[in-house]
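Take a look at the structure below.
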Amino acid sequence: MQSNEEINISNFKQYMLGNLAPAESEAIDLQIISDESLEEKLMWAESELMEDYLDETLSPSEMELFRKNFLISSERKAQFRQISLMRNYARNVAKAVPEKVSSKEPEKFFWKLRKFFSLNLKPRIAMFALVVISLFAVGIFYYMADNQTASEMAFAELNQKDLSNLAELENIFTVNLMSGTFRDSSGTESKLQPDKLGDKVLFRLALPVAAAASDTFKVELVKDRKVVFTQTNLRFYSNPNGQELRLFLPASPLKKGEYQIKAAKETAKDSIFTYNFAVG
Amino acid sequence: MKKDYALKQEDFDALLAWLSANREEAGVLYENIRKGLIRFFRFRGCNDSHTLADETINRVALKVSTFDSSKNVKTITYFYGFASNVFLEYSRTTGKREVSLESEDFQPWQNSKTPDDLSNAECDCLENCLSTLPPKERALIVDYYAKDKSEIFEQRSKLAEELNLKKPALHTKVFRIKNVLRNCIEACLAKNNL
């Protein structure tokens, strides 16, 4: 439903097109002369009428009246030129920046990006800004990557080594865990003493299901529902009882509290094995 | 349009006396009526609405002694009657013309392919004027016009939603920014003698 204001504007448009009955037109004439507050609404209607014409939303007869009765003063012609100019300019600016993406979030991103570009307007400045933003984004990415995963990257290198010879690892603090229990695979409670851990801990995680030769695993160390450490592309090892994952994790994030290790095949991430332990 | 007379001081005094016995009040009424007549001619699409308003006032002033006050006709109605005649004469003499689609007035830049097609001076003025707007307003005006006909509705709905405004409020906001731009562009073109 149209508001009173919209009805007024619509009426004023018809008035300016010369498309009202004489009595209606006369009533508006008198209103215009006596009511100063109408001026802004009339200017608005005038401007909208030009937009309507450019948008081709007027009927053919209105288009004709627009040319015959409306666009006749030099002031309106100048205004019409300016509106056309502004519209064309905005569309050219918009075309210079990508705009259609499928998902909602990136759309918002591009929307904001386009707004940013609209601040600069000149294509060269826009292009320069794009390059600066891109370099900045790449820098931030590497900075974040370095800071968030420096330790993870170091341990990833360690975990890619062959850990099949347990004799070589006997000096390293080792935790054996079975999926879903708070006890290690030897039956003792998995509560680790921080002072005994050294700088890294070897975790041996018994796999509850058989893994195929090509399977690799992703492991996440979780505390208070937050992932504090991640390792990927982990291989599994065979033992007399079946199969297990072997991986080093740093001791530094292991403070007092309860932890979970979540392991999943990288090809079937919906099947997650959870290993619980605590640091006392 | 015939203008073969000059308004004398006594005619003007008679007009003010007719408007109000209080000279000061008459002066205020006169100013308001003059502004109203300027609006009338301007929104009727006339060039030089100030001159047409003054012409109307002159004619009323010349005839004011003949008005029959017993008829209780509103002051504004007299002015309107004269203004209508002035408008008709104006229309006849200037000859309202239908603007040809091929004429300069109807070469909307919407059809041009690149900014190079635009008038450089106007384009420069538009850029300069846009740069004087606060960044949010600048972005709004560009976004408001960014889409072609088929996408305008969706685009403006999205804009209104983003700005947490109802659509009429969005249109008002844009309209006001456009007015600022318009004044700025006109001043810029005048400065460059264009």
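The values are calculated or read from the model by the stated rules, or taken from the named source; none is laboratory data. Quick caveat: nothing in here was measured; it's all calculated off a predicted structure. Cβ atoms come from the backbone with ideal geometry, glycine included; neighbour counts cover every protein chain shown. Surface areas here come from the heavy atoms of the whole protein model, side chains and all, with no ligands, DNA or RNA. Shrake-Rupley method; radii C 1.70, N 1.55, O 1.52, S 1.80 Å.
Quick look at the values:
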quantity	calculated
Qualifying residue in segment A:6-24 (condition: of a type in the set (D, E), assigned to a helix (DSSP H, G or I) and modelled with pLDDT under 70)	yes
Members of segment A:16-57 found to be buried (at least 17 other Cβ atoms within 10 Å of the Cβ), at the interface with chain B (Cβ under 8 Å from one of its Cβ atoms) and within 51 Å of the chain's Cα centre (by Cα), listed by number	A:M16, A:L38, A:L42, A:M43, A:W44, A:E46, A:S47, A:E48, A:L54
Subset of segment B:162-180 (residues that are more than 7 Å from chain A (Cβ to nearest Cβ) and either farther than 19 Å from A:M43 by Cβ or of a type in the set (A, V, I, L, M, F, W, C) (or both))	B:E162, B:L163, B:N164, B:L165, B:K166, B:A169, B:L170, B:V174, B:I177, B:V180
Complete set of residues in segment B:145-161 that are open to solvent by 80 Å² or more (accessible area, probe 1.4 Å) and within 9 Å of chain A (Cβ to nearest Cβ)	B:K149
Residue list for segment B:34-55, filter: modelled with pLDDT of 95 or more and more than 26 Å from A:S47 (Cβ to Cβ)	none
Cβ pairs under 7 Å, 6+ apart, first in segment B:157-176 and under 12 Å from B:L140 (Cβ atoms), second crowded, with 16+ Cβ neighbours inside 10 Å and β-branched (V, I, T)	B:V174/B:I141
Candidates B:V28, B:V60 - the one that is surrounded by fewer than 17 Cβ atoms within 10 Å (Cβ to Cβ) and within 15 Å of B:I76 (Cβ to Cβ)	B:V28
Whichever residue in segment B:35-53 is part of a loop (DSSP other than H, G, I, E, B) and at the interface with chain A (Cβ under 7 Å from one of its Cβ atoms) and, among such residues, is nearest to A:A27 (Cα to Cα)	B:G45
Meets criteria (within 30 Å of the chain's Cα centre (by Cα), at pLDDT 85 or above and more than 18 Å from A:S179 (Cα to Cα)) for A:T232	yes
Those residues of segment B:34-43 which are in contact with a helix residue (DSSP H, G or I) (Cβ under 6 Å, 6 or more places away or on another chain) and not aromatic (F, W, Y), in sequence order	B:R34, B:G36, B:L37, B:I38, B:R39, B:R42
